[in-house]
Amino acid sequence: MKTKITELFGIRVPIIAGGLQWLSNADYVAAAVNGGSMSFITAASFPEIDKLRDEIRRCRDLTDGKPFGVNVSMLPKLVEGEKTQEVFDLIVEEKVAFVETSGRNPQAYLPQLHEAGAKVIHKVPAVKYALKAQSIGVDAVSVVGAECGGHPGMDMVGTIVQAAVAGRALDIPFVVGGGIGCGEQVVAALALGADGVIIGTRFLVAEEIWAHKGYKDRLIEANETETTLVLQSLRNTARSLRNETTEIVQTIEAETPGDLEKLMPHISGKIGKVAYETGDWSKGLLAAGQAVAFADRIQPLADIIAQLESEAEVAMQRLQAVA
């Protein structure tokens, strides 16, 4: 399956393993790259610049020098003490080939990155933002639908609609994500005009994800109905695995909408990190999309990618049979 995305990233399959906060380390990213895909070390998982540098170099060793990426998730507005510029400086110094950005507009950093030869893919929750990203000169965009884990935006447009609208509106390469976890959906995305897909939740049960087996076992048990939406009152909608924390947060939002002071003890990302460490999935906002339905067992990431390829091939044969 050769597309603009496989050409841009130099990969075998049109599949991007999106950055996962706390989880996208060198082991996971290298497994994706070595499996024929592309992925990104999440810079926010390594708040100290020196540790991020070490992780980049470790990933380079694990991929035998093959290119990979770094994810830079930015807050909506620049805040004092933020290390975003330092992260981009490090990316340039280490000659990282690909950058995945999200959050605020990355325009200010594009000249530096492009001068260094890096390619930038910007993640957005709606096509209108993808058009803006295209206009400022990013190399590609990820458009995620309402089914995605993490932040689907406020408009809550489904993935199949996002893909079709983006396919008609965009000129640059784009991938679509949100609820995608099987090969049939990869083929569907290509048919709708996308150049590939971005996957997160389906890959959470990969062996290379360092999270506790108890957490992965819960994902394997879950079906497509066991995620829920929170933080709409903060205009920062998040889709997470249903648990005690999502119930508490939804109660607070119903009683005192937008009360950040009451919400903060429950929504801190550090709580989620503890869940990954201990396997106690009952606490924390644990990003998970509806593609959790396809997480059926723990296996090497390369095997999951190979399964997606096989499923896509069967789907293509099915289409040829009705052509």
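Read-outs: derived from the displayed coordinates by stated rules, not from any lab. Quantities reported herein were computed from a predicted structural model and do not represent experimental measurements. Positions of Cβ are generated from backbone atoms using ideal geometry, with glycine treated the same way; all protein chains shown enter the neighbour counts.
Would you compute the Debye intensity of the stretch 112-196 from its alpha-carbon atoms alone, equal scatterers and no solvent, and pass along log10 I(q)/I(0) at q = 0.17, 0.18, 0.23 Å⁻¹ to two decimals? One equal scatterer on each Cα of the stretch 112-196 leads to -0.63, -0.69, -1.04.
Computed per residue of the chain from DSSP H runs no shorter than four, each worth -39500 (n - 2.57), the mean residue ellipticity at 222 nm is -12500 deg cm²/dmol.
Span-like helix criteria (full DSSP H runs; alpha carbon extent of at least 18 Å along the helix axis; mean Kyte-Doolittle hydropathy of at least 0.0) are satisfied in the chain by 301-322.
The relative contact order of the chain, computed from alpha carbon pairs under 8 Å that lie at least 6 residues apart in sequence, is 17 percent. When the alpha carbon gyration tensor of the stretch 56-107 is reduced to an equivalent ellipsoid, the three semi-axes, largest first, read 24, 11, 8 Å. Where in the stretch 75-89 does the amide nitrogen come within less than 14 Å of the point 7 Å from the Cα of Arg235, taken along Cα to Cβ? In the stretch 75-89, the label zone of Arg235 (backbone N under 14 Å from the point 7 Å along Cα→Cβ) covers 76-77.
Rounded to the nearest 5, the antiparallel percentage of DSSP beta bridges internal to the stretch 131-252 is 40%.
On a per residue basis, the convex hull of the C-alpha atoms belonging to the chain measures out at 126 Å³. Our estimate of slack between Asp171 and Glu184, defined as 0.36 nm per intervening residue step minus the Cα-Cα distance, is 2.2 nm. Along each principal axis, taking the top coordinate minus the bottom one, the Cα set of the stretch 171-261 gives 44, 37, 22 Å in descending order.
Hydrodynamic radius of the stretch 29-139 by the Kirkwood approach over all distinct alpha-carbon pairs: 14.3 Å. Kirkwood radius, the stretch 206-250, all distinct C-alpha pairs, inverse of mean reciprocal distance: 11.9 Å. Using the Cβ-Cβ distance between Met154 and Ile271 with R0 set to 25 Å, the FRET efficiency works out to roughly 0.55. Over 19 Å between Cα atoms, which of Lys51/Lys95; Lys123/Lys262; Lys213/Lys273; Lys119/Lys273; Lys77/Lys123 qualify? The answer is Lys123/Lys262; Lys119/Lys273. Computed from the C-beta positions of Glu94 and Ser135 and an R0 of 25 Å, the FRET efficiency is 0.30 to the nearest 0.05.
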